[in-house]
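Below is one structure, written out as structure tokens; the observations come after it.
The values are calculated or read from the model by the stated rules, or taken from the named source; none is laboratory data. All values reported here derive from a predicted model rather than from experimental measurement. Glycine gets a Cβ as well: all are built from the backbone with ideal geometry, and neighbour counts include every protein chain shown.
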Amino acid sequence: MRKSKVIISFVHLTVALLIETAKNIVIKMTGNTNFPTPDVPLTQVTTSANTLETKYNAAQGGGKQQTADMHQARAALESLLHKEALYVERIALGNDTIILSSGFDISKQPKPASHPAFTVIHGDHEGEMVVKHKASKGAKSWSWQYCADPITDKGWILAGISTQANYTITGLTPGIKYWFRAAHVKTNGMSEWCSPIAMIAV
């Protein structure tokens, strides 16, 4: 039987949820006898979460610089949480109760390798991303969207529409993390958007 592991990646979380998650972890680990000496001081996590919250609020309606500052603050918080998660995993030794008492979540057990329906890879040129979805029978066209932070559906930008189940998105800013998603259109209407995938443009 496989030991439970701690989720150590947070790219799937929106900024607001990442901040909430960090604060909850601090609450759960404070005074928790399972974790007497965290690798990352909880005060440091709190400071980083507060900084991100400030930068996030400033980026609402702000310019490119405010958005870049927010992404930098997010990366800093993710890095701290990643280190803290590894500490929790080292202490818990696969014990579900101990892991959950920290405020971190348990990752799903690995499944046999499969071909994901939606993939995102870097393109051949700077600022390019190639998005591809598994073909769907009867699909007449595909819509492709991206977003710098999917906090709300209003942030999604239409990258393009194609008749093929793949598309190259251009003009992205290197160093910025984007989320991507796709949907197809059949004679009976448009499908739901697929689960988004996050990746940093290069």
Exercise. Among the candidates 20, 78, single out the residue that is charged (D, E, K, R) and crowded, with 18+ Cβ neighbours inside 10 Å.
Key: 78
Quiz item: In the list 83, 55, 3, which residue meets the criterion of being more than 30 Å from residue 180 (Cβ to Cβ) and either of a type in the set (D, E, K, R) or out of contact with any His (no Cβ under 6 Å at 6 or more places or on another chain) (or both)?
Solution: 3
Self-check item: Any chance residue 106 is more than 30 Å from residue 191 (Cβ to Cβ) and buried (at least 18 other Cβ atoms within 10 Å of the Cβ)
Solution: no
Quiz item: Got a sec? Which of 197, 161 is of a type in the set (A, V, I, L, M), more than 26 Å from residue 15 (Cβ to Cβ) and out of contact with any His (no Cβ under 7 Å at 6 or more places or on another chain)?
Solution: 161
Quiz prompt | From 64, 55, residue being within 30 Å of residue 173 (Cβ to Cβ), surrounded by fewer than 13 Cβ atoms within 10 Å (Cβ to Cβ) and among the basic types (Lys, Arg) | solution = 64
Quiz item: Taking residue 10 and the conditions (1) more than 14 Å from the chain's Cα centre (by Cα); (2) surrounded by 16 or more Cβ atoms within 10 Å (Cβ to Cβ), which numbered condition does it fall short on, given that it satisfies the others?
Solution: (1)
Exercise. Please state which one of 14, 21, 67 is closer than 21 Å to residue 197 by Cα and touching a Pro at 6+ places or on another chain (Cβ under 8 Å).
Key: 14
Self-check item: Per-region count, the range 109-152, residues at pLDDT below 80 and either surrounded by 18 or more Cβ atoms within 10 Å (Cβ to Cβ) or part of a strand (DSSP E or B) (or both)
Solution: 2
Quiz item: Out of all the residues in the range 4-29, which are in a loop (DSSP other than H, G, I, E, B) and either under 13 Å from residue 77 (Cα atoms) or touching a helix residue (DSSP H, G or I) at 6+ places or on another chain (Cβ under 9 Å) (or both)?
Solution: 4, 5, 7, 8, 9, 10, 11, 13, 14
Quiz prompt | Candidate set: the range 153-202, residues that are charged (D, E, K, R) and assigned to a strand (DSSP E or B); chosen: the one farthest from residue 136 (Cα to Cα) | solution = 177
Exercise. Determine whether residue 77 is in contact with a helix residue (DSSP H, G or I) (Cβ under 6 Å, 6 or more places away or on another chain) and either in a helix (DSSP H, G or I) or under 22 Å from residue 30 (Cα atoms) (or both).
Key: yes
Quiz prompt | Residues located in the range 30-59, provided they are in a loop (DSSP other than H, G, I, E, B), hydroxyl-bearing (Ser, Thr, Tyr) and without any contact (Cβ under 8 Å) to a residue 12 or more places away in the chain | solution = 33, 37
